[in-house]
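Asks: What follows is a structure written as structure tokens; I'll ask about it next.
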Amino acid sequence: MKRVNFPCGHITLEGVLHRPDAPGPFPGVVVCHPHPLYGGTMDSPVILSICRALKTRGIASLRFNFRGVGRSEGSYAEGVGEREDARAALDFLSQQEVVDRSRLGLCGYSFGTIVGLPVADQDDRVKALAGVSPFFSSPELLQNFHRPKFFICGSRDDFVDLEELRRRVAGLPEPKELEIIPGADHFWWGYVEELSTKVADFFAAALVSPD
């Protein structure tokens, strides 16, 4: 685990790079945190657990603070400016010697999906996408994303409309998967380890040993 700083336009963002304890290069995943106005940071238990689980699967990851969070410069930009942050994170991760830039993924949690899904939709470098407690910002989102997609949500999530989520995912091109975890809420209390394992398993299948 290594603390890093990287540029995003005229500002600098902070992050933490996780890498497996083995020779690389490894697949790499950028992980986007929940809403900064409600306490979301790169140190969210869900974000940290996902990065640790990815490491056990031989995958490097970069968690980072969006602009205005922690020591990241700038200020909150309503989920729009933060897309530039996610792109900058992809740039930085792809430039690491230990990372195979042809095997990059992106994972967002809650607000992190509002930021990350549109970025993945427009960036061919993203070969696999995971959305945790996801939100879709537009009907057209991911309609042409034909790479592996995994969405996971709790059955007791009070923020995500499960029926709407099922409808949205059903309308997306393959390959795709939606999993609803019985009993889990939006914050994944008591289910963080199960969630992290499922997300890491998805990226391992998609990036480490793809079909």
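Asks: How high is the relative contact order of the chain, given as a whole-number percent (alpha carbon pairs under 8 Å, six or more residues apart)?
Replies: 20
Asks: So for the pair GLN122, TYR76, with labels modelled 7 Å out along Cα→Cβ, what separation do we get in nm?
Replies: Placing both labels 7 Å along Cα→Cβ, they lie 2.3 nm apart.
Asks: Another question about this same structure. Name the residue, out of GLY70, GLY39, GLY15, whose mean-square fluctuation peaks in a Gaussian network model built on the chain with Cα pairs under 10 Å.
Replies: Per the Cα network of the chain with a 10 Å cutoff, GLY39 tops the list.
Asks: Tally up the carbon and sulfur contribution to the accessible surface of the range 101-211 as a whole percent, 1.4 Å probe, everything protein left in place.
Replies: Reported share for carbon and sulfur atoms: 50 percent.
Asks: Calculate the spin-label point distance for ARG3 paired with GLU179, positioning each point 7 Å from the Cα along the beta-carbon direction, and give it in nanometres.
Replies: Placing both labels 7 Å along Cα→Cβ, they lie 3.3 nm apart.
Asks: Read through the labelled values [x] 17.5, 59; [y] 16.8, 52; [z] 15.5, 44 and report the label of the one computed as Rg and Dmax of the Cα atoms in Å from the structure.
Replies: Looking at Rg and Dmax of the Cα atoms in Å for this model, the match is [z].
Asks: Among LEU195, LEU37, LEU142, whose mean-square fluctuation peaks in a Gaussian network model of the chain (Cα, cutoff 10 Å)?
Replies: LEU37
Asks: With a sphere of radius 12 Å drawn around the Cβ of ASP201, what net charge do the other residues whose Cβ falls strictly inside it have (Lys, Arg +1; Asp, Glu -1)?
Replies: In short, -1.
Asks: Could you tell me the number of lysine pairs in the chain with C-alpha atoms less than 24 Å from each other, where the two lysines are 8 or more residues apart or belong to different chains?
Replies: Lysine pairs, 8 or more places apart or on different chains, close enough: 11.
Asks: Once you sort the root eigenvalues of the Cα gyration tensor of the range 33-143 as a ≥ b ≥ c, which label holds: rounded (a/c under 1.5), prolate (a/b larger than b/c) or oblate (the other case)?
Replies: rounded
Asks: Something else: Can you figure out the FRET efficiency of ARG156 with ALA205, using R₀ = 22 Å and their beta-carbon distance, to the nearest 0.05?
Replies: Efficiency, rounded to the nearest 0.05: 0.20.
Asks: Then there's this: Looking only at PHE92, PHE136, PHE159, which one moves most when the chain is put into a Gaussian network model with springs between Cα atoms under 10 Å?
Replies: Ranking PHE92, PHE136, PHE159 by mean-square fluctuation puts PHE159 first.
Asks: Tell me which GluC sites (Glu not before Pro) from the range 136-165 have a DSSP coil assignment and no more than 16 other beta carbons within 10 Å of their own.
Replies: Passing both the DSSP loop test and the Cβ count: GLU140.
Asks: Something else about it: Whole number in Å², please: accessible area per residue of the chain, 1.4 Å probe, ligands, DNA and RNA not counted.
Replies: Accessible surface, normalised per residue, equals 45 Å².
Asks: So, R0 is 25 Å and r is the distance between the beta-carbons of ARG52 and GLN143; what FRET efficiency does that work out to, to 0.05?
Replies: About 0.15, to the nearest 0.05.
The values are calculated or read from the model by the stated rules, or taken from the named source; none is laboratory data. These numbers were taken from a predicted model, which means no experiment stands behind them. So basically every Cβ, Gly included, is an ideal-geometry build from the backbone, and we count neighbours across all protein chains shown. Each accessible area value is taken on the protein alone, full model and side chains, heavy atoms only, with ligands, DNA and RNA left out. Shrake-Rupley method; radii C 1.70, N 1.55, O 1.52, S 1.80 Å.
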